Amino acid sequence: MTKVLIIDDEQSIRNTLKEILEYESYKVDEAKDGEEGIKKMIDTKYDIVLCDVKMPKLNGIEVLEKAKSIGLSGEFIMISAHGTIDTAVDATKKGAFDFIPKPPDLNRLLVTLRNALEKKELVKETKTLKRKISKTVEIIGESKAIKTVKDTIEKVAPTEARVLITGSNGTGKELVAKWIHDKSNRSSGAIVEVNCAAIPSELIESELFGHEKGAFTSAVKQRIGKFEQANGGTIFLDEIGDMSLSAQAKVLRALQENKITRVGGDKEIKVDVRVVAATNKDLKKEILNNNFREDLYHRLGVILIHVPPLKERIEDIPLLVDKFLADIAAEYGTAIKKISDEATSILQKGEWTGNIRELRNVVERLVIMSGTEITPEDVSTHTDLN
């Protein structure tokens, strides 16, 4: 539901506007002056702010300026019985969406509200699209362990060598794979990801190599597999330790001969792909237990990159937190929230069994649940850390 804040020192105006807007299914809050309005905007994210110009304590223009300067959300619509063209122009220059004289015309007010909401959505969509277009893969950290990973990627990426990435869940293995691709000579091609753990063993071969129509009961049409989709680019086999032995045999053949055969077909199809694989398992143990082919392990592991768990690179946590705060602010369309040094220090003492993924989730929770700055008390209240 759309949230609207009415800031006006006249009770009668607030009552009238609230009655009209609630009838139109808006959720409405009130503030009797500018200072109360700012406090409510800090505590609650509003879509629209209807703000009187002439008020005690802080006038409407001052409220507008302060809200914009500290990154508070909400499209401002200024209302005034004493408005002039100069005031309207000034308010617009400072970020107001529109200026409406008192008493407001009902139809104009509702149209302006709808237009302001449409603008807000368009701005949000534009930011999202820009982030998707300009988003670059980035590995955050300056610890010795992560510098080793970065240095290895810089050396390996321009080659055609196959890479096996190891590390616990949530450490960023997918990010390493994407960085390898982006820095490779294949960066203009696609990187196609296959989560081997998420695909049933009876479907993995069809997923990787495709199938012909009628190959099995549900194969109602021909399907192109991931290897063909990645032709000219990179295929990322995530959690390869969970792949069935029969699929492993076919992957080994594809690596040896650069050819695949669709399920239910007999035609050999040439493919030109670079294989990057990842696992959270100890593949040498899996080999001893006859769960993984040793010859495939040696084919995949030309270059081995181990991504360290977060607890082995705690000096990177402040940098990661800053990155997550910026990313979350961009996603939410809000100002970047600050975090105190003491709060960051508490985060550095965590176990982080879920690694970077867990840290990111915790930071997002703190952004949502805290005030203008994330404090040690916020960390204690909203996390399991002490």
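Principal semi-axes of the equivalent ellipsoid, √(5λ) from the alpha carbon gyration tensor of segment 144-308, are 27, 18, 13 Å from largest down. Measuring how big segment 22-176 is from its alpha-carbon positions, Rg and Dmax come out at 24.2, 72 Å. Structural descriptor for segment 94-247: relative contact order 19 percent, calculated from alpha carbon pairs under 8 angstrom and at least 6 residues apart. Can you tell me the relative contact order of segment 311-382? Whole percent, Cα pairs under 8 Å, sequence separation 6 or more. Result for segment 311-382 is 38 percent.
In plain terms, the residue of Cys196, Cys51 with the fewest other Cβ atoms within 10 Å comes first and the most crowded comes last, giving Cys196, Cys51. Helix 60-69 versus the longest principal axis of the chain: what angle, 0 to 90°, nearest 10, using Cα atoms? Relative to the chain, helix 60-69 is tipped by roughly 20 degrees.
Looking at the P(r) of segment 311-382, how many percent of alpha-carbon pairs lie beyond 13 Å?
Value for segment 311-382: 61 percent of Cα pairs lie more than 13 Å apart.
Positive end of the dipole of the chain (Cβ unit charges, origin at the Cα centre): among Asn15, Met41, Ala190, the Cα lying farthest that way belongs to Ala190.
Look at the alpha carbon pairs under 8 Å that are at least 6 residues apart: their mean separation over the length of the chain gives a relative contact order of 14 percent.
Note that segment 235-277 shows a convex hull volume over its alpha carbon atoms of 74 Å³ per residue. When the Cα positions of Trp179, His382, His211 are compared along the charge dipole of the chain, His211 comes out farthest toward the positive end, with charges on each C-beta of Lys, Arg, Asp and Glu. In terms of distances greater than 31 angstrom between alpha carbons, the cross-link table entries Lys120/Lys226; Lys124/Lys155; Lys144/Lys285; Lys119/Lys226; Lys285/Lys311; Lys183/Lys267 yield Lys120/Lys226; Lys124/Lys155; Lys119/Lys226; Lys183/Lys267. Could you state the angle between the C-alpha long axis of helix 245-257 and the longest principal axis of the C-alpha atoms of the chain, as a value from 0 to 90 degrees rounded to the nearest 10? So the helix axis and the longest Cα principal axis differ by about 80 degrees.
Enclosing the Cα atoms of the chain in their convex hull gives a volume equal to 192 cubic angstrom per residue. Counting only alpha carbon atoms, the long axis of helix 106-134 and the longest principal axis of the chain meet at about 30°.
Where a number appears in this text, it was derived from the coordinates with a stated rule and is not lab data. Bear in mind that the values here come from a model prediction, so they are computed numbers and not experimental data. Because the Cβ atoms are built from the backbone with ideal geometry, glycine has one as well, and the counts that use them run over all protein chains shown.
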